[in-house]
Amino acid sequence: MIRYILQMHSCTEELQCNNIENITGFESQEILVYGMGLSLFAISKTHYSYPPGKQCKYAGQTVRALPIRILTVGKKRSPGVQLIVDEYIEKLKIYCSVQDIRLKSNPKNAKDVMAQIEHEDISVMSLVKSNEWVVMLDEHGADVGSEQMASLIGDAGNTGASSIVFCIGGPYGHGRQLKERADVSIKLSSLVLNHEVALVVLIEQLYRAWTILKGQKYHH
């Protein structure tokens, strides 16, 4: 059994459910996962080659617009951060649908760091779908620019995946299962960013990437 608290703007609804697929259709939601009773699936990894060069290879072309989901492990966000995230989700609506999902950091209040990472890993993996293209944000990932991010989104549309999921880890990083499941690992900066800052940077870059793909004037 999993206990969820979903929040959409000022409306909060508490649900008890066994099937996470019942929870859909929210543009901005918070999910606090307290316990797991799920068997995890195995999936073959996609071998992805990062786009060469600095220019987006799909600029001005038609690309398949996959729905985007963002899974963030962290504490409750500040109102200012949520305001920015909601603003960019609204802007992205004209290109694709976006789900913003927050998972509670250290869901079982573990004292040991490795146990915390494992618990967070299980929480994240319980929400990753078998047919999603998984992008893990990690300080050791590939250093991509805005044009390459746009190419990455274009490439994802050619994979046959149902959606793209971007995963932002907790304070101690990602767990083993997500690292094995991820199709792509990228970093947003050579600096270490906390989950709130990383989310703001990511959501802006996703909007920027789509303006690049559409040949619009936002990116210079």
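The values are calculated or read from the model by the stated rules, or taken from the named source; none is laboratory data. Fair warning: this is a prediction, and the values are worked out from it, not measured in the lab. To get the accessible areas, we keep the full protein, side chains included, count just its heavy atoms, and leave off ligands, DNA and RNA. Shrake-Rupley method; radii C 1.70, N 1.55, O 1.52, S 1.80 Å.
Run the Debye formula on the Cα coordinates of the stretch 121-178, all scatterers equal and no solvent, and tell me log10 I(q)/I(0) at q = 0.20 1/Å.
-0.84
On a full-extension model of 0.36 nm per residue, what is the gain between Asp112 and Asp143, subtracting their alpha-carbon distance, rounded to one decimal in nm?
8.1 nm
For Leu188, Leu213, give me the order by solvent-accessible area with a 1.4 Å probe, most accessible first, ignoring ligands, DNA and RNA.
Result, largest first: Leu188, Leu213.
Could you give each residue of the stretch 114-128 its phi-based ³J(HN,Hα) in whole Hz, using Karplus coefficients 6.51, -1.76, 1.60 with θ = phi - 60°, and x for Gly or Pro?
5, 5, 4, 4, 5, 5, 5, 4, 4, 4, 5, 5, 5, 9, 7
Less than 16 Å apart at the alpha-carbon level, and either on another chain or at least 8 residues along: which lysines does that give for Lys91?
Those lysines meeting the cut-off are Lys214, Lys217.
Whole number in Å², please: accessible area per residue of the stretch 112-171, 1.4 Å probe, ligands, DNA and RNA not counted.
With all protein chains present, the stretch 112-171 gives 32 Å² per residue.
Under 8 Å for C-alpha pairs, at least 6 residues apart: give me the relative contact order for the stretch 66-220, rounded to a whole percent.
33
Whole Å is fine, so just give me how far the alpha carbon centre of the stretch 52-83 lies from that of the stretch 135-169.
8
How big, on average over all directions, is the shadow cast by the Cα convex hull of the stretch 166-220, in nm²?
Result: 4.7 nm².
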